[in-house]
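The values are calculated or read from the model by the stated rules, or taken from the named source; none is laboratory data. All values derive from a computational prediction rather than experimental measurement. Here the Cβ is made from the backbone with ideal geometry for all residues, glycine too, and neighbour counts use every protein chain on show. Each accessible area value is taken on the protein alone, full model and side chains, heavy atoms only, with ligands, DNA and RNA left out. Shrake-Rupley method; radii C 1.70, N 1.55, O 1.52, S 1.80 Å.
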Amino acid sequence: MTTKATSRSARPASRLRTPTLTDRLERIDELNLGRLGLICVQERIPDDYTRWEVAFEVDGQPAQLSCVAPSEFGGVPHGLDGDILNGILAIFLEQGAPESGEVLTTPHQILQRAGLDTGGRYYQVLRASLHRLNSAKFVTQNAWRAHGQRRWTTQTFSLVEGLAYDSDDQTLGKGSVIHIRLPKPLVMSVRSKFIKPLDPILLEQLERPLARSVYRLLDAKRYDPTDPQVITMELHMSLISWGQECKLKDLVPSRIKRTLEKAHDDLKACGYLLAVEYQGLGSGQEIVYRFGDGSNFGMDLAARITQYGVGHYVAQGIVQTVPREDLLHRLAKAEFLLRRDRERIQNRAGFVVTVLKDDGVRYPDPEGFVSPTAVSDPPPPPRPWVEEDVEVVRRVREEELRAQPRAAQADAILARLRLLCGVHVVKMGTPRMSAIHQAITEGVLDAVVVEREMMTAVFEGRTEAFLKALVREASDRRRQGQGALLEG
């Protein structure tokens, strides 16, 4: 993974949704995920691609990456898994980046934040992707950057450590609620701001999952991990090493070129890449990327600036000269002040330009302003629309469950227990599970309460203990109920 760089400071193609204003929210990538390329860039992989291992050097020291994944959910994470994980990260940030790493969301929200279509087969794609991200195990030996401690560490994790969802069967739909827990190394990294921006407009334009995956990997490699303010304009890499970084199974040089060709074409067409060159012959070939940063680099921020009447070239100049994190902070501050003092500010364009060029001396952060880059600060309360969406879905599901006859409630609970508790249900045996069914049918166990406690237990990893306690409670309550009838 050794690269030479010239630096400066600072879908078939997956079906994309029609972009809306809410899609222009900031998109970010965690720098370890991006640089290490833990998700294979290919949209489709062979059935037997269930492991990979890559050895390289970091600061002159040996490092190694490995992944082992079961074949049950489609092998190693790949293709759209990168979009989906990026969507989960976006929701994690929106919900305040809690230290626990917990995300409470819906399939619709994940697909929306991932930039994918929110209908049809993509709910099935999401389910398979979540299980791949949950079941694949990664080891990053001397390769994971602990940004706050400024050192390289070894970590073992799944990209989704905890996964539970509420569904009547093995599918996901708009009526599902998903509980996710992100791994601690990733959470700590995001909270310490070891992150980089992704251009949402560029992501919208790249229709191929392959092109989006290569963009995320390339863009992360442009950032110096020891000083993320330094961004390279040129990358030189061994072609075979680059194939390994993309986690391609076939590392024949000609096939690496052929696999990446369409992604290169897409990235050149949108101005992100100026050129892709190959030097040398055979297995000794190098690949050279020259970055154009043409019309799309910073376009998302330039578009926000021009909507206040600022000229296009002035906006582009600001984007190119002000570090992106500073610009995000200043632009949010300008928008806050425009809302607060809209009747007093006469020249909006001039005011915005002045604030964007100011380092905080003339326009310090006003009272009540919350910077969008302050991830490690105490998290704000969840955005109301996120909380409302999940709570509405949960409430509707519980109302639908209560509206059913008790026998149907019992059937629904047993189906969810089999789905979410899997092998533990088998171990408990049919007689014990029948006792739970009968207790719900007789009304001595509340189906809604059982469902809530089941979801909590699954998410916290104490499924077996929950089932044993539930069987005991069902037996005790049925016995008490029958005793009361005899006494009466």
Quick one: how many Å² of Phe336 are accessible to a 1.4 Å probe, rounded to 10? 40
Residue separation between Glu286 and Glu399 times 0.36 nm, minus their alpha-carbon distance, gives in nm 34.6 nm
Placing each pseudo-label 7 Å from Cα in the direction of the beta carbon, Glu442 and Val252 end up separated by a distance in nanometres of 6.8
Entries of Lys193/Lys333; Lys196/Lys268; Lys137/Lys184 with Cα pairs more than 24 Å apart: none
Relative packing of peptides 340-350, 73-83, 57-67 - highest average C-beta neighbours within 10 Å first: 73-83, 57-67, 340-350
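Can you figure out the FRET efficiency of Met233 with Thr154, using R₀ = 41 Å and their beta-carbon distance, to the nearest 0.05?
Rounded to the nearest 0.05, the efficiency is 0.80.
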Could you work out how much longer the chain between Asp476 and Ala349 gets when fully extended? Use 0.36 nm per residue separation minus the Cα distance between them, nm to one decimal. 38.5 nm
How large is ³J(HN,Hα), in whole Hz, for each residue of the range 138-154 in order, when computed from phi with the Karplus curve 6.51 cos²θ - 1.76 cosθ + 1.60 and θ = phi - 60°, using x for Gly and Pro? 10, 10, 10, 7, 6, 10, 8, 7, 8, 4, x, 9, 6, 8, 8, 10, 9
Nearby aspartates and glutamates by direct alpha-carbon distance to Lys247 (threshold 19 angstrom, same-chain neighbours under 8 apart not counted): Asp29, Glu30, Glu43, Asp47, Asp48, Glu53, Glu57, Asp81, Asp83, Asp219, Glu261, Glu286
Estimated FRET transfer efficiency when R0 is 25 angstrom, pair Asp265-Arg44 (beta carbons, to 0.05): 0.85
Got a sec? What order do Lys247, Lys468 fall in by accessible area at 1.4 Å, biggest, i.e. largest, first? Lys468, Lys247
Residues other than Gly74 with Cβ under 13 Å of its Cβ, Lys/Arg counted +1 and Asp/Glu -1, net out at -2
